[in-house]
Amino acid sequence: MEIKWHLGIDNPLENGYTHERIKELVNGLNDVEEWRTTDEMDRSKVIRTHIYVKFTSMKSSDEMKKKFPNATKVRCGKAMENDVGCVFQKGQRFSRRHA
């Protein structure tokens, strides 16, 4: 159980994850304090969407995987700290006030 989560989705559009759909899914979660998202293309030309979500209460990996079943990366806590730099540098910030 963790408060902060990082999700990565490869080829998001092919998997039905438009930015609007991601916004709907995140805003459908309880206790979201803030979240950010950004897109990148890796060296092999794979487009990946990164989503960082911070909650006001603990969430399990099962909850996150159920909401985002196509996520290729679901990390939390110390394991995600190195992964979220790009999200904070390039990503757009949202909170409940921006829903």
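Readers should treat all values here as calculations from the given coordinates under stated rules, not as data from a laboratory. Keep in mind the model is a prediction, meaning the values are calculated, not measured. No Cβ is skipped: glycine too gets one built from the backbone with ideal geometry, and neighbour counts run over all protein chains shown.
The table below gives the values:
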item	result
Sorted by Cβ density within 10 Å, fewest first, the residues Val32, Val46	Val46, Val32
Straight-distance crosslink candidates among aspartates and glutamates, where the alpha carbon sits under 19 Å from Lys66 and sequence neighbours closer than 8 are dropped	Glu2, Asp10, Glu14, Glu20, Glu24, Asp31
At R0 = 22 Å, FRET efficiency that the Cβ-Cβ distance of Ile3 and Lys23 yields, to 0.05	0.60
Qualifying trypsin sites (Lys or Arg not before Pro) for segment 1-76 [loop in DSSP, other Cβ within 10 Å: at most 11]	Arg43, Lys45
Theoretical gain in end-to-end length, Glu40 to Thr56 [0.36 nm per residue, Cα-Cα removed]	3.0 nm
